[in-house]
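All of the numbers you see were taken from the coordinates with simple rules; none came from a lab. Given the structure is predicted, the values throughout are model-derived calculations rather than measurements. Glycine also receives a Cβ, built like all others from the backbone with ideal geometry; neighbour counts cover every protein chain displayed.
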Amino acid sequence: MQVSRHILLIEDDLNLSEEIRECLEFQGFELTHSETIADAEEQLKCHEFGILLVDLTLPDGDGLSLIQKQRSEGDPSVVIIAVTARSAVEDRIECVNEGVDAFLCKPLDLRELGAVVKRQLDRVESISRASHEPTQWTLDAVKSALNTPSGVPIVLGCSEYLLVEALLEARGRPVTREDLAGRIYPGQDCDNRRIDNLVTRLRQKLQSVGIKDDILRTLRGYGYLFQVSANTQQS
């Protein structure tokens, strides 16, 4: 899931705001500027932001009040960075308690600002990716089944199980038809068609539970590649 690179800057110092805009737009971010809490609240109603940069001392109130409202009513995944001349430990503690993700002191170092914004965005994107990644596939040796990421079991025949096991052990590398034949039908004469038919049956079983068969690729003149990883359950 892609996190919004749209930043809302709430800062009444126009010169500093322009410097921040140039810095962040150079890094590929989109920036909207508000000078007051009231205008920022209107912007939050109309647009989706990934990051809020909030000055704590604003013409119409304390920036912490906006932060408190955002944390209680807004999207909890939005990054909030406090930008302020307040440097006392008590101020930092108060910001942390209100849900601020990072704290930058004025006078502002734009290099530090860029690094902090990037680090916070990377952190949120990492969390977002982890929350949307499916559970790993599982090969169940006892039940002779391949469990999909959603937990649906695909029951496998003996030859199909050996096929899946061989492909998974390759860990994303292609496996030749000859190697598959030696693994599945040891000591037997086995032409390529027999392996191809076995792969076709496996593809049909994948499709029957809604799995796209492109995860099992055919490499013409060579063999097959299974583009998943799985744990094997023995008991």
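Expressed in nm to one decimal, what extension gain is obtained for the pair Ile215 and Arg92 from 0.36 nm per residue of sequence separation less their Cα-Cα distance?
Fully extending the segment from Ile215 to Arg92 adds 39.3 nm.
Could you work out the helix-only [θ] at 222 nm for the chain, with each DSSP H run of four or more residues adding -39,500 (n - 2.57) and the total divided by the number of residues, to the nearest 500 deg cm²/dmol?
Result for the chain, helices only: -14000 deg cm²/dmol.
Using the Cβ of Arg92 as centre and a radius below 13 Å, the other residues enclosed give a net charge of -4, where K and R count +1 and D and E count -1. Separation of the range 1-57 from the range 161-228 is 52 Å, based on Cα centroids.
Only Lys, Arg, Asp and Glu carry charge here, each on its Cβ (+1 for the first two, -1 for the last two); on that basis the range 6-132 has a dipole of about 600 debye about its Cα centre.
Candidates Val124, Gln188, Pro107 compared by Cα position along the dipole of the range 90-192: farthest toward the positive end lies Pro107, with charges placed on Cβ. Beta-bridge orientation, the chain: approximately 40 percent antiparallel, per DSSP, counting only bridges with both partners inside. Does the range 6-132 come out rounded, prolate or oblate by the C-alpha gyration tensor, with a ≥ b ≥ c the root eigenvalues, rounded set by a/c under 1.5 and, if not, prolate when a/b is larger than b/c and oblate if not? Rounded shape, in that the Cα axes give a/c under 1.5.
Take every DSSP beta bridge whose two residues both sit in the range 6-132; close to 10 percent of them are antiparallel.
As a proxy for reagent exposure, Leu56, Leu121 were ordered by neighbouring Cβ count within 10 angstrom, fewest first; the result is Leu121, Leu56. Footprinting exposure proxy ranking of Cys190, Cys158, fewest other C-beta atoms within 10 angstrom first, gives Cys158, Cys190. Normalising by residue count, the range 149-217 has a Cα convex hull of 88 Å³ per residue. Dipole magnitude for the chain: computed about the Cα centre from +1 point charges on Lys and Arg Cβ and -1 point charges on Asp and Glu Cβ, it is near 2120 debye.
Taking the alpha-carbon distance from Lys212 and a cut-off under 27 Å, which lysines remain once sequence neighbours fewer than 8 residues away in the same chain are dropped? Hits, sequence-local ones excluded: Lys143.
The relative contact order of the chain, computed from alpha carbon pairs under 8 Å that lie at least 6 residues apart in sequence, is 15 percent.
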